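Heads up, the thing below is written out as structure tokens.
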Amino acid sequence: MIESVVFDIGSTLVREDRYWGSWADWLGVPRHTLSALVGAVVAQGRDDADAIRLLRPDGVDIDAERRAREAAGRGEWLDESDLYPDVRSALGALRESGLRVVLAGNQSLRMGELLRGMELPVDAVATSSGWGVVKPDPEFFRRVLELGGAAPGDTVYVGDYPAFDIRPAKAAGLRAAHIRRGPWAYLWADTVDAAMADWRIDSLSELVGIVTGPSGPSFP
């Protein structure tokens, strides 16, 4: 029986249009340029932050740039328009069914603060910056289980990036749902990592139906 559902954040719950657009504005390049570079590094299996590094070949300290943006009043921001339309209702339905609902992704401390400020119907929010460990490190998923408060087989991790979300979650013994939205999900949809998912979904409402349906989840 599923007792806990843990969600990745970027491109799973939160659209990243604003995130990358604000970085392009800060770096003084057209938004399309940075967007194309993000797609290129993702296609190569690289960290998406490498797109920023490509624009500063002489070196860039991304954490320092984040601090500079905050100091200039141009830091990270989040509002309802950044959430996918099904997010709030799906999280609420899962929680109302008695499941523990947790958000945990590779995000900054600031993003964690912003998510908590939105008062989403969740039990906890955690970020890689807060934990000091990033996916796909196994330690990240050990902490996911600790925060979720359920056994691995009773926990579902939901994410869009197969190599960072599905494979390591399965390696840690969790159930996994691959949501097909965002560039990573579409680009890597036919990979071995994606095929490891217990479920492949196109919306969070599908997940709600699977986990809270009359007969409960059916496992492959």
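The values are calculated or read from the model by the stated rules, or taken from the named source; none is laboratory data. Here the structure is a predicted model, which means the values were calculated and not measured. Don't worry about glycine lacking a Cβ; one is built from the backbone with ideal geometry, like all the others, and counts go over all protein chains shown. Accessible surface is based on the protein model in full, side chains and every heavy atom, while ligands, DNA and RNA are left aside. Shrake-Rupley method; radii C 1.70, N 1.55, O 1.52, S 1.80 Å.
The figures follow:
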read-out: On Cα atoms only, tilt of 138-148 relative to the major axis of the chain in degrees; value: 60
read-out: Listed residues 92, 59, 153, most fluctuating in the chain (Gaussian network, C-alpha, under 10 Å); value: 59
read-out: Debye log10 I(q)/I(0) for the stretch 38-131, one point scatterer per Cα, at q = 0.12, 0.13, 0.18 Å⁻¹; value: -0.52, -0.60, -0.99
read-out: Estimated FRET transfer efficiency when R0 is 22 angstrom, pair residue 97-residue 118 (beta carbons, to 0.05); value: 0.55
read-out: Those GluC sites (Glu not before Pro) in the stretch 86-194 that DSSP places in a loop and that have at most 12 other beta carbons within 10 Å; value: 119
read-out: Restricting the stretch 53-144 to chymotrypsin sites (Phe, Trp or Tyr not before Pro) in coil, as DSSP defines it, with at most 12 other Cβ within 10 Å; value: 77
read-out: Folded to 0 to 90 degrees: helix 87-96 orientation relative to the chain principal axis, Cα; value: 30
read-out: Convex hull (Cα only) mean projected area of the stretch 71-220, reported in nm² to one decimal; value: 9.3
read-out: Carbon plus sulfur fraction of accessible area for the chain, probe 1.4 Å, in percent; value: 52
read-out: CD proxy at 222 nm, helix term only [per DSSP H run n ≥ 4: -39500 (n - 2.57); per residue of the chain; nearest 500]; value: -12000 deg cm²/dmol
read-out: Percent RCO, i.e. relative contact order, over the stretch 145-220, from Cα pairs under 8 Å lying at least 6 residues apart; value: 25
read-out: Sum of side-chain charges, residue 42 neighbourhood, beta-carbon under 10 Å (Lys, Arg +1; Asp, Glu -1); value: -2
read-out: Scaled radius of gyration (Cα, divided by 2.2 N^0.38 Å) that the stretch 103-163 gives; value: 1.10
read-out: Taking the stretch 81-209 and dividing mean pair separation by its residue count, relative contact order in percent (alpha carbons under 8 Å, at least six apart); value: 20
read-out: For the stretch 130-191: rounded, prolate or oblate by the Cα gyration tensor [a/c cutoff 1.5]; value: prolate
read-out: Percentage relative contact order, the chain, counting C-alpha pairs under 8 Å, at least six apart; value: 24
read-out: For the chain, accessible area per residue (1.4 Å probe, heavy atoms of protein chains only), Å²; value: 46
read-out: Label zone at residue 187 (point 7 Å along Cα-to-Cβ), backbone N below 14 Å, the stretch 22-45; value: 34-45
read-out: Antiparallel %, DSSP beta bridges [both residues in the chain], to 5; value: 5
read-out: Set of the stretch 12-47 residues, backbone N closer than 16 Å to the point 7 Å along the Cα-Cβ line of residue 134; value: 20, 38-39, 41-47
